[in-house]
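Input: a single structure, listed below in structure tokens.
The values are calculated or read from the model by the stated rules, or taken from the named source; none is laboratory data. Just so it is clear, the structure is predicted and the values come from calculations on it, not from any experiment. Note that we place each Cβ from the backbone using ideal geometry, even for glycine, and neighbour counts take in every protein chain shown.
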Amino acid sequence: MELGEVESVRERARALAAELEPIAAEADASSELHAGVRAALAASGLTALTVPAAWGGAGEKVDPLAVCVVREVLMGTSSHADSLFALQGIGSYAIALGGTDRQREEWLPGVASLARIAALALTEPEAGSDLKALTTTARADGDGFVIDGHKSFISNAGVADFYTVLAREGDGYSFFLVPADSAGLTVAPLPPLISPHVIGDVRLDGVRVGGDARVGAAGEGFRLALSTLATFRISVAGAAVGLADAALREAARHADERVQFGRRLVELGPVAGLLADSWADVESTRLLTYEVARAARADALANLDRSSLAKLAASEAASRVVDRCVQVMGRWGLVEGSKVEKLYRQSRPLRIYEGASEVLRLGIARRLVADVKAGGEG
């Protein structure tokens, strides 16, 4: 996708964000799928960006930069819309990469059009960052497989049409495509989160799937999971940039209008410092995010460490920026339901999902030391 095409995608995302503005607060306060957001997102055609063109999407392959740009725009308006968009790719990418022709033809066109909703089922109660600790199993049984396990904190649980489920298969790990209406698959909602989200626990009790339900070869689960993270982790950085930018704009408007001690807040040194530091955070992480997304276009897996670096930097920066913006807004930043208060709550999960900051730092530090030993220059 050329630069002009990416800018066209940005304008389409902005048009969608403007359309969503009147319903964004309502959607973001709900833990259920918002019909209006789904309809508007489907009509925009933007979810086609999460699927390759061969199966109804846009572009020869998923473009990490285009996905970043859409998430940046949407997250500044509605986390609900951002999540629904991103999960179409996150939940289906293993199928696009390693699925059979039948799997791709049956499911991916619906993902591209948002006629079908995707979900990725990795996390378990005792397996979050340490996925090798997962206990969900898939065993061959006759001409199919039987899956047993408990997946926890699964986005789109209860509204998804299918789940790509990572399970132990023998001595390895494999992905399986499990339709949501499969017998033995049940969903339970989670207690309310600080930032409402369509999320829940998924139990698989003797779920039987066909012999053609495995996605990719036996034992390829972790490769497919890493490839998914490599392609979409960088987009979390895009969302974080969009969130921080939206908060900063709210704070800047307030600082320009609010008068204290006979002067506008922006003319007071400490407030100006908060705004300036925040703008530096937004712009520097935006540049890093775009640069890494461009590199990921050529080889996402080879740039996974860089994607982790951008995700770490942008999510941590977003938390700093929104915290400063609440400070600039003063008591208005504490009002429940205000935009900055909502963004303050929404910023916190960014530092946990798709790689907690502490876990990412371990991998990034190892990569840094390896580069230094190899004589690399970054």
field: Conditions (1) surrounded by fewer than 20 Cβ atoms within 10 Å (Cβ to Cβ); (2) at pLDDT below 95; (3) more than 30 Å from residue 330 (Cβ to Cβ); number of the one not met by residue 261
entry: (3)
- request: Say whether the condition of being among the β-branched types (Val, Ile, Thr), in the same structural domain as residue 320 (by TED's automatic domain parsing), in a strand (DSSP E or B) and free of Cβ contacts under 8 Å to residues at least 60 places away in the same chain is met by at least one residue in the stretch 251-271.
  value: yes
task: Kindly establish whether residue 50 is under 30 Å from residue 217 (Cβ atoms) and not assigned by TED's automatic domain parsing to the domain that holds residue 239.
output: yes
message: Of all residues being acidic (Asp, Glu) and surrounded by fewer than 17 Cβ atoms within 10 Å (Cβ to Cβ) in the stretch 153-189, which is farthest from residue 129 (Cα to Cα)? Just the residue, please.
response: 181
statement: Selection from the stretch 21-39 of residues touching a residue at least 12 places away in the same chain (Cβ under 8 Å), out of contact with any helix residue (DSSP H, G or I) (no Cβ under 9 Å at 6 or more places or on another chain) and either of a type in the set (S, T, N, Q) or not in a loop (DSSP other than H, G, I, E, B) (or both) yields 21, 31
task: Answer yes or no as to whether residue 268 is out of contact with any helix residue (DSSP H, G or I) (no Cβ under 8 Å at 6 or more places or on another chain) and at pLDDT below 95.
output: yes
task: Looking only at the stretch 1-41, count how many residues are out of contact with any Gly (no Cβ under 9 Å at 6 or more places or on another chain), among the hydrophobic types (A, V, I, L, M, F, W, C) and surrounded by 16 or more Cβ atoms within 10 Å (Cβ to Cβ).
output: 8
